[in-house]
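Note sheet for the following structure.
The values are calculated or read from the model by the stated rules, or taken from the named source; none is laboratory data. Predicted model, so just to flag it, every value in this text is computed and none were measured. Cβ placement follows ideal geometry from the backbone for every residue including glycine, while neighbour counts extend to all protein chains displayed. Ligands, DNA and RNA are excluded from the accessible area calculation, which covers all protein heavy atoms including side chains. Shrake-Rupley method; radii C 1.70, N 1.55, O 1.52, S 1.80 Å.
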Amino acid sequence: ADGGYVAVNHNCQSSVPHIYAAGDLSGKLPLSSVASMQGRKIAEHAMGLHAGPHRHIDYEKAASAIFTDPEIADVGLAEADAFAEGRKIRVTKVPFSANAKALIENDPRGFVKIVSDPATGVVLGGSIVGRHAAELISVIALAVTAGLRVNDIYESLLVHPALAEALADAAE
């Protein structure tokens, strides 16, 4: 296969239908979360549970994190990629220094950034730098995967004080 990977279809099947490949072997994103999702999709397909409607894995919408101090996490369309493609986007960015919980915890480093479509308000991606970024990116990942709008985040009643409030502030 190309590059030593096993070529797979949307069900993670190789060219031999009863042989599947997941994780690093598939040549897709080398993330443990991706490998785990591929494993679930393979099990469902092998057991015939894909009879009804289901989503295929969209590798463009996979969240990732770097466990540095502070953490760095992102998902979906990156601001730089959008500009390189000449795509119109709306970018909102809120520093954690404006977040009550970050100030209470005496760690105001970082920010939340949301990338959205200016015409529809649909969340296309986002980045978070700061404490618990790997956890917080899940909210933006859900919004990207489900096609939610920034208003859907903004109108959610979130816990106060919490770092997640910065997500609603960025969606405002």
Between region 1-77 and region 125-172, what is the separation of their alpha carbon centroids in Å? 24
Please determine, in degrees from 0 to 90 and to the nearest 10, the orientation of helix 32-46 with respect to the longest principal axis defined by the Cα atoms of the chain, where the helix direction is its Cα long axis. 40
Hey, can you grab everything whose amide H is under 5 Å from the amide H of Leu124? Only 5+ residues off in sequence or another chain; H modelled, so Pro and N-termini drop out. Val115, Ser116, Asp117
Once the Cα atoms of helix 133-146 and of the chain are each reduced to a long axis, what angle between those two axes, in degrees from 0 to 90 to the nearest 10, is obtained? 70
Carbon + sulfur, % of accessible area of the chain - ligands and nucleic acids excluded, 1.4 Å: 56
Going Cα to Cα from Lys41, which aspartates and glutamates come in below 14 Å? Please leave out same-chain ones fewer than 8 positions away. Asp58
So how do 145-156, 20-31 stack up, highest first, on mean other-Cβ count within 10 Å? 20-31, 145-156
Count neighbours as other Cβ atoms within 10 Å of each site's Cβ, and list the trypsin sites (Lys or Arg not before Pro) in region 61-146 that are DSSP loop with at most 11 such neighbours. Lys88
If Lys and Arg each add +1 and Asp and Glu each add -1, what is the summed charge of the other residues whose beta carbon sits under 14 Å from the beta carbon of Gln13? +1
What whole-number value in Å² describes the accessible area per residue of the chain for a 1.4 Å probe? 57
Under 8 Å for C-alpha pairs, at least 6 residues apart: give me the relative contact order for region 128-172, rounded to a whole percent. 33
Residues in region 9-31, backbone N under 14 Å from the label point at His56 (7 Å along the Cα-to-beta-carbon vector): list them, ranges by number please. 9-14
Helix-only estimate, please: 222 nm mean residue ellipticity of the chain, summing -39500 (n - 2.57) across DSSP H runs of length 4 or more and dividing by its residues, to the nearest 500. -8500 deg cm²/dmol
